[in-house]
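What follows is one structure encoded as structure tokens, with my remarks underneath.
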Amino acid sequence: MKAVGARLPRYDGVAHVTGRTQYVDDVRVHGTLWCKALRSPHHSALIRSIDTSKAEALPGVHAVVTAKDVPHNVYGHLEGLGVPADEPLLAEDDVRWKGQPIAAVAAESEEAAQAAVDAIEIVFEEREPILDIRSAADPGIDHFHQWGAVYPHFGPHNHRRVRKGDIDTAFEEADLIVEGVYRPQAIEHCPMETQVALAVPEPSGRLVIYSCTQAMYFSMGVVAAHLQWPLNKLKFIGGTVGGGFGGKVDTATETIVSLLALKARRPVKWRYTREEEMLTSSTRAPWHIEIQDAVTNDGWILGRRTLTLHDAGAYARFSPYGVTKHAFHHTGAYTIPHLRFDGFVVFTNRVPTTAMRGFGVTSVSLAVELHMSRVAEQLGLDPLELRLKNANRIGDTTGNRVVMHDPSTVPVVLAAADAAGLELGDEYRAMTPERRSGDLLPEHLVGQQAPDGEYLATYRGATNGGR
Amino acid sequence: MNITVNGVQHEVESSLLTPLLDVLREELGITGPKAGCHQGGCGACTVLVDGEPRRACLTPVAAVDGAEVTTVEGLGEPDALSPVQTAFHEHYAAQCGFCTSGFVMAAEALRTRSDGDLEREEIIEALSGHLCRCTGYVKIVDAVAAA
């Protein structure tokens, strides 16, 4: 325990301040070719034909790859968790977002690679794009995705559900219904180091891959699956990431440089331009969140109905996982006994969205906290006292029936009040996270309390749709 | 063309309009300056040209013919850091580190042209063209103030 509480020097600090840290783009391998990609100029279109012969004949071009060069083109990032695959590494018969990779080139210089990309002849037939999650599932819409308007594989349901208690009775008994709509928007991770990878073929037949991935073994598995190679033919070198924030979990460049390196028998590097990073790399998802709370005049929240639309963009990637986390956190740091939650992963012709710093949770936390303040305002109550009253307490159970044994809502709200210099009533100031009793155990919360000493969580939402 | 980088003279083969950043990184193999945007927006490529901070990505190599260029590699060694480097290290002013060499060079220039204590506003003004997406700005300003 020498490290806890001590101010230790960063293990990589000296290398950072002297410029000695070696990022992927700093690796120098003799004979490295540059990669550039042909990307879709359309939000949504059929690919009628593609001809790479002129590109292949240009001077300095060593390899061109399209979907037919990928041994296993459609591989899902979450196949290991039971989420089926929907996204091709390189587009096959259609493109579903502006920027989707269709072909890639390896050439002697960036300029030669771009000239070859420009020489690829491709014919598109444009489709009407779907760009608004609110209307994506409307009747009469032609869906571009093979699964329809929404991701359909949440157990037996086509959306993530939470059902708890008796929601209709809670709304009948309420003094007031408080409604709100919240729309957190897309955010680009924008790491200072753009997406980059370098693949180097070894004489032994193995591939060495220098990667900026945030998830080494995960990315290794993705490359191995696309190539249909055993893991022992891949050597990944990584761990030095020039900022990721979730955006470097998607294994954006590693597989394509691997395919090109194998075809060209030369090392191949792909470094996104800043423009490419901003326009085509994945983002945090935009969301549309509707909350209705059934509340009493004295500030208890009896029930909550939530409808969430999550913009997955054109393919599923990690979105089902994000919506599941969203579902688990949709009561925030508060205990609400009667719940009905429906969360949909909606497909649009936008750049696929992905992990970013607590994705799924930050969106619902924003919505819940704004909504708590809205409830307080409509009831004429203090917003912190409303939070303390409904705060998670030891023994409370969450929406997906996890028993809490160390909830931090009460101390955090009290500390926030202190930091902001806000007054609180004595009964609130004296609150602790201990088990409910007295005035803080009204009839509607009695059934929420797990028996004293019960610590075992019972996860149901994760596996069967939270029925 | 000739440029002197960190005290070593180099004859440059790249064409006249090649960005100094690409000459340093691709021709000379000096990788401390980073290619964060290649359009003058992030500051990660900042080097000193005759002592003044410059965006290497926006500087044609022909414009620095005969000049003295200093990159982060030309400051202290790992076992003998410059005062600015020491301050960055001790104040945890580097997280992922990708923007660090640019910040260090701008801070070095600021420290060289000022004497005595710096106001935080002066430091923020001098570093305002640099982006850190890990958002470690407070620690960076603390480091420069202490350097």
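The values are calculated or read from the model by the stated rules, or taken from the named source; none is laboratory data. Computed from a predicted model, the values in this text were never measured in an experiment. A quick note on method: Cβ atoms are made from the backbone with ideal geometry, for glycine too, and the neighbour counts reach across all protein chains shown.
Screening region A:4-24 for residues that are facing chain B (nearest Cβ under 7 Å) and of a type in the set (Val, Ile, Thr) and picking the one that is farthest from residue B:92 (Cα to Cα) gives A:21. Pairs only if they're at least six apart or on different chains, beta carbon under 7 angstrom, first in region A:385-404 and within 22 Å of residue A:428 (Cα to Cα), second modelled with pLDDT under 90 and part of a loop (DSSP other than H, G, I, E, B); list them, first residue then second. Listed pairs, sorted by first residue: A:394/A:405; A:395/A:449; A:395/A:450; A:395/A:452; A:396/A:448; A:396/A:449; A:397/A:448; A:397/A:450. Screening the candidates A:15, A:85, A:3, A:37 for the property of being surrounded by 20 or more Cβ atoms within 10 Å (Cβ to Cβ) and either part of a strand (DSSP E or B) or among the small types (Gly, Ala, Ser) (or both) yields one hit, A:37. As for region A:165-175, it holds no residue that is under 21 Å from residue A:320 (Cβ atoms) and not in a loop (DSSP other than H, G, I, E, B).
Among the candidates A:288, A:326, the residue that is at pLDDT 95 or above, over 14 Å from the mean Cα position of the chain (by Cα) and within 30 Å of residue A:89 (Cα to Cα) is uniquely A:288.
From (1) under 23 Å from residue B:24 (Cβ atoms); (2) of a type in the set (Phe, Trp, Tyr); (3) more than 13 Å from the chain's Cα centre (by Cα); (4) more than 8 Å from chain A (Cβ to nearest Cβ), pick out the condition that doesn't hold for residue B:137. Answer for residue B:137: the failing condition is (1). Considered as a group, the residues in region B:78-110 that are of a type in the set (Val, Ile, Thr) and surrounded by 24 or more Cβ atoms within 10 Å (Cβ to Cβ) include one that is farthest from residue A:212 (Cα to Cα), and that residue is B:84. Restricting attention to region B:38-59, the residues being over 20 Å from residue B:15 (Cβ atoms) and touching a Gly at 6+ places or on another chain (Cβ under 6 Å) number 4. Kindly evaluate residue A:454 against the criterion of being acidic (Asp, Glu), surrounded by 13 or more Cβ atoms within 10 Å (Cβ to Cβ), modelled with pLDDT under 95 and closer than 27 Å to residue A:326 by Cα. Spelling it out, residue A:454 is indeed acidic (Asp, Glu), surrounded by 13 or more Cβ atoms within 10 Å (Cβ to Cβ), modelled with pLDDT under 95 and closer than 27 Å to residue A:326 by Cα.
Kindly check whether there is at least one residue in region A:254-266 that is within 14 Å of chain B (Cβ to nearest Cβ) and within 22 Å of residue A:236 (Cα to Cα). No, there is no match, as no residue in region A:254-266 is within 14 Å of chain B (Cβ to nearest Cβ) and within 22 Å of residue A:236 (Cα to Cα).
Taken over region A:307-360, the residue count meeting the criterion of being more than 23 Å from residue A:388 (Cα to Cα), β-branched (Val, Ile, Thr) and either crowded, with 24+ Cβ neighbours inside 10 Å or in the same structural domain as residue A:245 (by TED's automatic domain parsing) (or both) is 7.
Given the condition within 8 Å of another protein chain (Cβ to nearest Cβ), within 15 Å of the chain's Cα centre (by Cα), part of a loop (DSSP other than H, G, I, E, B) and not small (Gly, Ala, Ser), answer yes or no: does some residue in region B:40-62 qualify? Scanning region B:40-62 turns up at least one residue that is within 8 Å of another protein chain (Cβ to nearest Cβ), within 15 Å of the chain's Cα centre (by Cα), part of a loop (DSSP other than H, G, I, E, B) and not small (Gly, Ala, Ser). Only residues that are touching a residue at least 60 places away in the same chain (Cβ under 8 Å) and within 14 Å of chain A (Cβ to nearest Cβ) were counted in region B:106-134, giving 5.
In the set A:190, A:212, only one residue is at pLDDT 95 or above, on the phi > 0 side of the Ramachandran plot and within 24 Å of the chain's Cα centre (by Cα); that residue is A:190.
Can we say residue A:239 is at positive phi and not assigned by TED's automatic domain parsing to the domain that holds residue A:359?
Yes; evaluated as a whole, the condition is true for this residue.
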